[in-house]
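Below you'll find the structure, written out as structure tokens, and then a few comments.
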Amino acid sequence: MFENEVIKDLLKKYKRLWALGHARALMGWDNEVNMPRGGSEERGIAIAEISTLSQEILLSPEFTSLVEKASKQEDLNDYEEGVVRVLNRDISIMKKIPPSLLYEISETSQRAFHAWRDAREKNDFSLFSKHLEKIVKLSIELAEKLGYEKEPYDALLDLFEEGLRTDDVVNIFSYLKPNMKKIVDKVLSEKYYYFDSPLEKERYDIEKMKQVNKEVLDLLEFPWDRGRLDISPHPFTNGLGLNDVRITTRYEGFDFKRSLFSVVHEFGHATYELQIDQNFKMTPLASGVSLGIHESQSRFWENIIGRSKQFTELIKPILDKHLGFTRNYDTEDIYRYFALVKPSPIRTEADELTYNFHILLRFELERLMLKGEININDLPELWNDKMEEYLGIRPKSYKEGILQDVHWSHADLGYFPTYTLGNIVAAQIREHLLGNNFNIYELVNEKRIRDIKEKLKELIHKYGSTYRPKDLLRKQLGEEYNPKYIIDYFEEKYVGH
Ligand code: MG
């Protein structure tokens, strides 16, 4: 895979950067899963120091000149070019941002996070608004330093999804918005997927639910010798290496689909990392290529596979064995519970159908903020107006509205659209597979999960970060982000049932 001598030398030097990243990832995981609360100050400093050390190595003349030399090599293969591309991108981003700005952003978001938590608890937006104002100001400054083609938002989107532009997101939503609206209206009036399921209220024993999650992961052939499942308040996946990928879920004691589908979602993220070509171990290619492509893998398993009738049927015996109360419901009841559509003001509780409206709303507000076209104090009202327009519900508090997400306090403006990208790419993959006579639903029926995993490995996973997201999609699916297929999927599932 890596034959060029300069590239080999570069990868040898890169190992130190990889190791620092590995340490940081482990510290981050420990932070969420194990660490006593009191450790957070020291851990924060340790992580910040390690990040600074990584930057110093990345930007050192020794390393950058080697990357430069590698860039000038001729006849590099795709993987070698991928290595050069990823490192050049990292270096160029780091070089453009003055350390003082980086420091100010990190310090501001540290304080903003605490203010946000406080504001949310007290349901008082005014405690957070000043911080948000400063974050917007710094984000605009960051965008100016990074440079952009049309508007500042382009620069921020690109940080999370290489090559993604505001125009791409505008195009996606101008197709999604009217089409989603039609489907949601129909679902709400038909009430087949929109109803109160008694299963939402059924309480479960946490130890029993852990057994369910474990057995579902067994069924999905999760490699326990290369992965773990733990508990954290916000489920996540952490890839420490290609053979150590850790996922988490939470247990609330009721509405068991939340715990279950967090597991299936994170399993999708983990499988992407675990199926990257082992030759990429400890190289810049050893991770999923972008947030959007990563999210496509989690949504594919959570929604397209997980919330299907076939999957429901497959795991029903596991539910019956451990939870017991599911024996009082037939497969159809449980499937409708899994696929329930319910407009909610809270994004993280949204079903797959209404979810993208939550992202559209945030995208529109972020764009206004970055263009300086809105006063921060007008945001909560606008948020609520949009929520009412899109989903017919008006948040009753800031907590249910503008203060619900952590992202803005972390200064992560431009992150949200990658969630919708994940949804639409998952549907593109579904269409690609079905269109090529690879019937995922039949395979689930036949319990041939390994075949599906193998297919996704060949299609997306094995390449790691070799190709830019748009290039990967063009190469493997024949086109870039296309929102048409998710609407087709929604229509088939929710309208044509
Ligand atoms: Mg995810």
Q) Top to bottom by accessible area (1.4 Å), largest first, where do F300, F438 land? A) F438, F300
(Q) Just the number please: accessible area per residue for segment 166-495, 1.4 Å probe, all protein chains included, in Å². (A) 38 Å²
Q) Summing -39500 (n - 2.57) over the DSSP H runs of n ≥ 4 in the chain and dividing by its residue number, what mean residue ellipticity at 222 nm do you reach, to the nearest 500 deg cm²/dmol? A) -20000 deg cm²/dmol
Q) Counting only complete DSSP H runs, which helices of the chain cover 18 Å or more along their long axis at the Cα atoms and score a mean Kyte-Doolittle of 0.0 or above? A) 40-58, 126-146, 355-370, 417-435
Q | segment 428-497 versus segment 95-133: alpha-carbon centroid distance in Å | A | 38 Å
**Q.** Spatial separation of Cα centroids for segment 193-225 and segment 234-253, in angstrom
**A.** 16 Å
Q: For K210, go through the lysines and keep the ones whose alpha-carbon is under 23 Å away, minus same-chain ones fewer than eight residues off.
A: K201, K257, K309, K316, K321, K447
Q. Is the shape of segment 180-227 best called rounded, prolate or oblate, per the rule: a/c under 1.5 gives rounded, else a/b larger than b/c gives prolate, else oblate, with a ≥ b ≥ c the square roots of the Cα gyration tensor eigenvalues?
A. oblate
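Of all accessible surface on the chain at a 1.4 Å probe, what whole percent is carbon and sulfur?
Taking all protein chains in place, the chain shows 48 percent carbon and sulfur surface.
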**Q.** the chain: C-alpha pair distances exceeding 34 Å, %
**A.** 37 percent
Q | the chain, relative contact order in percent, only Cα pairs under 8 angstrom and at least six apart counted | A | 21 percent
Q: Could you list the square roots of 5 times each eigenvalue of the Cα gyration tensor of segment 106-224, that is, the equivalent ellipsoid semi-axes, sorted largest first and rounded to whole Å?
A: 37, 26, 21
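For segment 25-168, compute Rh as the Kirkwood radius over C-alpha pairs and then the Stokes-Einstein diffusion coefficient at 25 °C and 0.890 mPa s; write the answer in µm²/s, rounded to an integer.
My calculation gives 136 µm²/s for D.
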**Q.** Sequence-distant residues sharing a close amide H with D230 (under 5 Å, placed H)
**A.** I247, T248, T249
Q: Indicate, rounded to the nearest 5 percent, the antiparallel portion of the DSSP beta bridges found entirely in segment 166-495.
A: 50 percent
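Heavy atoms only, probe 1.4 angstrom, no DNA, RNA or ligands counted: give me H461, H294 ranked by accessible area, highest first.
Ranked from most to least accessible, the order is H294, H461.
The values are calculated or read from the model by the stated rules, or taken from the named source; none is laboratory data. Quick caveat: nothing in here was measured; it's all calculated off a predicted structure. Note: accessible area is taken over every heavy atom of the protein model, side chains too, but ligands, DNA and RNA are not part of it. Shrake-Rupley method; radii C 1.70, N 1.55, O 1.52, S 1.80 Å.
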